[in-house]
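What follows is a single structure, written as C-alpha cells, with notes after it.
The values are calculated or read from the model by the stated rules, or taken from the named source; none is laboratory data. Computed from a predicted structure; not experimentally measured. Quick reminder, even Gly has a Cβ in these numbers, built from the backbone with ideal geometry, and neighbours come from all protein chains shown. For accessibility, only protein heavy atoms count, side chains too; no ligands or nucleic acids. Shrake-Rupley method; radii C 1.70, N 1.55, O 1.52, S 1.80 Å.
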Amino acid sequence: MNSYINSYEVACSAGDIKALMNSIYEKKTAVSINTSFIEDTPLGLGQMKYDDFYDLLAEVVQKVLDNSKLENFHNTLLILGSSVGGMQESEKIFFRDKNYKNLDPRRHSIHVLSDHLVDKFSFLDSRSLSTACTSSANALLLAKRLIDVEAYENILVVGADALCYTTVCGFHYLSVLSDKPCTPFDKERGGMNVAEAIAALLIQNTKDKDSVELKGVGASSDAYHMTNPDPEAKGAIASMKAALDDASLNIDEIDYVNAHGTATVANDKVESLAIETLFNDVYVSSTKAVTGHTLGAAGAIEAVISCEVIKKGLIPPQTGLIELDNKSINVPLNSVAMDVRNVISNSFAFGGNNTSIVIGVCS
Amino acid sequence: MRKVALKIISSHKIYAPIKIEDLQEKRIVPNMMIRRRLTRNAKIMLYLSDKCGFKDGKVVYGSCYSEIQESVKITNAILEKSSISPTSFQNSVYNSAPSYFSLINKDKDEIITISSGLYSARDALKTAALQALVSGQRVLCVATECLNIQNIQEVNTCTKFLESGAAVVLELDNDSTNAIDIDDEGDEGVINSVQDLVKVVNMHQRGISTIFIEL
C-alpha cells in the first residue's frame, strides 16, 4: 500500500508554511538574537510568538484537518514526535516554586502533547515517541510502515517542540550554540541555533490531486558515540541507503537532499561526507539556517518543506552561505528551478540515531 | 485493526522499591569509561537485554519518564546558576538507554523510543510487533522507569517501585493457532508504563509462547 501526504501545516519562527517557504527562497533567516535564556550571553534562537503552546498545537492540527478531505480524525491514528514534551511547563513551575509539589506528572513527559490533541480531536488512537532530534522523522517512518502493512488508512504525524531552558542551556554547555543565525556548510560556521516549531502531516493510503508520496524510510544507529557522529559517516550513509531501497529508487533519481545541516562542525563534516560518498552532484541545502534546529520537530517540518520543494519545482538556496567548506557537495547559493522528482530528508540525533525519509511525486 | 501473532523467544523483569541491586554492570560493560557514564535506565536495559540473550537487531524501548534523573540534575543546575554537565545533557534524551545498548553491543540497527505516558509499554509492544512484521527479524522490546529522584514523594502516586523494567524478545509467528491476547493481571505496584511488558513476561513464565498484538 502506498503512502500519500495529503495535507500539512507548520508553525515556526518564520510563521506558517507559506511564510516559511517565502523566507527560505528569499534567504531570510527567522533566527533572532536572544539574551534572556543565559545572562549576558547572546544566542541565536528560533522563537515563535504564542500565548499557549498547546493552543498553537491544536491550531496547526485544525488547519491540517480543514485542508484535508476528512471530516474529523475519528478514524485517524496520531503519532507525535517530540524531544521535550511538557518540559517547558514543568520548568516554569519548578523555577517558580523550587519544588515539585505543584507539578502534575501527567503533564511532564512527551505524551502530554498527544493527550492534548486526543482530547481535542478524538483520534482513533495515539502514540508518542522521542528519539531526540529524529523524533518526528521516526514518527514518519512508523506511519509509512503502518500504512504499508494496511494497519491504518489515515495517520496524522506531528512534530512539536517548545523552547525550554534545559535544551538551550544544555546545548550551550556542549559549546555548540552560535550567537548569530547559523550558517550550515559554511567554512566559518559558528554552531547551531536551538528553535521551536510544530509541524503536522496527514498521511493516507489514498491519493488526492495534490498528493506527494512518502516513498521510502530508513534508519540506522551509529554505535559510535553518544553525541559525536561516526566520522566515517557509515550510519548516515546506511539510513539514506535504507530509505532509497525502501523507495526502490536509485541515487540518480534524487534531485535534492534536505540536509540535517545543523551547522555544527561535527554534523556538517560527516553529513557532507555521507552525501559526497553516496550521490553524484545532487543539490543539497539545510533549511535550519532559516528555522533554526527545531529538535524533535525537525523531521516533520523538513518533510513539509520537502513537499513544497517538489510542488514548486524550486530547490532552496543555502541561506547564510559565504564560502562552502566541503567543495565536493553541491550547495546552491540561489534557488534552482527544475522538475523535482524526489527529495531525501535527513535527521540525525544524540545516541547516533539516524533517519532518512524519501518524498517524491506520486508514482 | 490488524493483529499480529508473535512468538516470545525470551523474557525477563526486575523491580525494586528504591534501587535494583546487582545489575552486573562490570560483567556486561567491562569498559570503565563507558560504564561510569551509564544512566540507571541504561544499566537496567543492559541487564534485561543480557538476560534475554539479545545483542544485535531492532530495538524498541518504552518509558514514560525516561531520563528524569538527568533532567533533574540539569534543572537544578539552571536554578542554582551553575554549569551543566555535558554528560548529563547528552544522557537526558529519552533514547539514552537504547543508545548505550547500541554503543556497547555495536548494534547498528534501528532504535525506536516510545514515550506514550502510562501506555508506553503497550505502545512499545505495538511498535515492536510492527518492526517484527516488516523485518521478519527478532526484535527486543524493553520498558524501564527510574524515578528515584530526591523528593519524588512530592509527586509519586503511581508506583511502589521506583526502579522497574521488563523485556521480551519477539519474533513474527506465521502460525497463530495458539496465539492469545495479553490476559495477565501484571504485578501489583509496578508503574503502568512498564506493566504491559510485565504481563507478557508473566505469560511467558506461565508457558505461553505466542501472543497477539494489535498494531
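Amide H contacts under 5 Å for residue B:182: B:212, restricted to partners 5 or more places along the chain or on a different chain, H placed in the peptide plane at 1.01 Å from N. Restricting the stretch B:1-110 to GluC sites (Glu not before Pro) that sit in a DSSP loop and have at most 16 other Cβ atoms within 10 Å of their own Cβ leaves B:21, B:80.
Three semi-axes describe the equivalent ellipsoid of the stretch B:92-215; taken as square roots of 5 times the Cα gyration tensor eigenvalues and ordered largest first, they are 26, 20, 11 Å.
Across the stretch A:115-121, rounded Karplus estimates of 3J(HN,Hα) from the backbone phi angles (6.51 cos²θ - 1.76 cosθ + 1.60, θ = phi - 60°) give 4, 4, 6, 5, 4, 7, 10 Hz, Gly and Pro being marked x. Neighbours of residue A:328 by Cβ distance under 13 Å: Lys/Arg scored +1, Asp/Glu scored -1, total -3. Placing a label point 7 Å from the Cα of residue B:55 along the Cα-to-Cβ direction, the residues of the stretch B:108-149 whose backbone N falls under 14 Å from that point are B:108.
Per-residue ellipticity at 222 nm, computed for chain B from helices alone with -39500 (n - 2.57) per DSSP H run of at least four residues, works out to -11000 deg cm²/dmol. The distance separating the Cα centre of the stretch B:160-176 from that of the stretch A:23-59 comes to 41 Å.
Compute the acute angle (0 to 90°) between the alpha-carbon long axis of helix B:68-79 and the principal axis of greatest extent of the alpha-carbon atoms of chain B; round to the nearest 10°. With rounding to tens, the tilt is 30 degrees.
Here the 3J(HN,Hα) profile of the stretch B:162-176, calculated from phi with Karplus coefficients 6.51, -1.76 and 1.60 at θ = phi - 60°, is 6, 10, 7, x, 8, 9, 9, 9, 10, 9, 4, 10, 6, 9, 9 Hz, Gly and Pro shown as x. Inverting the pair-averaged 1/r between distinct Cα atoms of the stretch A:1-103 gives 17.0 Å as its Kirkwood hydrodynamic radius. For the stretch B:135-215, trypsin sites (Lys or Arg not before Pro) meeting the loop criterion (DSSP other than H, G, I, E, B) and having at most 14 other Cβ atoms within 10 Å: B:160, B:206.
Per-residue 3J(HN,Hα) values for the stretch B:152-161, derived from phi via the Karplus relation 6.51 cos²θ - 1.76 cosθ + 1.60 with θ = phi - 60°, read 4, 4, 5, 10, 7, 10, 10, 8, 8, 10 Hz in sequence order (x marks Gly and Pro).
Chain B contacts chain A over a buried accessible area of about 4600 Å², both sides summed; the probe is 1.4 Å and only protein chains count.
Ranking of A:179, A:339, A:230 by solvent-accessible surface, largest first: A:339, A:179, A:230 (1.4 Å probe, protein heavy atoms only, all chains present). Across the stretch A:83-208, the relative contact order, built from alpha-carbon pairs under 8 Å that are at least six residues apart, equals 24 percent. With Cα atoms defining each centre, the stretch A:85-120 and the stretch B:185-205 are spaced 26 Å apart in the structure. The shape of the stretch B:3-214 can be summarised by an equivalent ellipsoid whose semi-axes, obtained from the alpha carbon gyration tensor, come to 29, 19, 15 Å from longest to shortest. Stretched out straight at 0.36 nm per residue, the stretch from residue B:22 to residue B:87 would grow longer than its current Cα-Cα span by 21.1 nm. Each residue, residue A:232 and residue A:36, gets one label point 7 Å from its Cα in the Cβ direction; the gap between the two is 4.8 nm. Computed on protein heavy atoms with a 1.4 Å probe, the accessible areas place A:268, A:252, B:187 in the order A:252, B:187, A:268, largest first. When the solvent-accessible area of the stretch B:3-214 is split by element, carbon and sulfur atoms take up 46 percent of it, the probe being 1.4 Å. Put a plus charge on the Cβ of each Lys and Arg, a minus charge on the Cβ of each Asp and Glu, and nothing anywhere else: the dipole of the stretch A:1-102 about its Cα centre is then about 180 debye.
Taking every protein chain into account, the accessible area of the protein assembly as shown amounts to 36 square angstrom per residue (probe 1.4 Å). Neighbouring Cβ atoms from other chains, within 10 Å of the Cβ of residues in B:1-7, number 2 on average.
Spherically averaged projected area of the convex hull of Cα atoms, the protein assembly as shown: 23.3 nm².
Across the stretch B:1-93, the mean sequence separation of Cα contacts (distance under 8 Å, 6 or more residues apart), normalised by length, yields a relative contact order of 24 percent.
Counting only heavy atoms of the protein chains and using a 1.4 Å probe, residue B:182 has close to 60 Å² of accessible surface.
Of the trypsin sites (Lys or Arg not before Pro) in the stretch A:1-36, the ones in a loop by DSSP (not H, G, I, E or B) with at most 14 other beta carbons within 10 Å are A:28. Residue A:55 exposes around 90 Å² of accessible area when a 1.4 Å probe is run over every protein chain in place.
Out of all DSSP beta bridges with both ends in the stretch A:79-212, state the antiparallel percent to the nearest 5.
The answer is about 55 percent antiparallel.
The H on the amide N of residue B:58, modeled in the peptide plane, is under 5 Å from the matching H of B:140, each at least 5 residues off or on a different chain. Of A:25, A:4, the order by accessible heavy-atom surface (1.4 Å probe, DNA, RNA and ligands excluded), from most exposed downward, is A:25, A:4.
Averaging Cα coordinates gives a centre for the stretch A:152-186 and one for the stretch B:44-88; these two points are 19 Å apart. Near residue A:109, the amide H atoms lying under 5 Å from its own belong to A:86; only residues 5 or more places off or on other chains count, and H is placed 1.01 Å from N.
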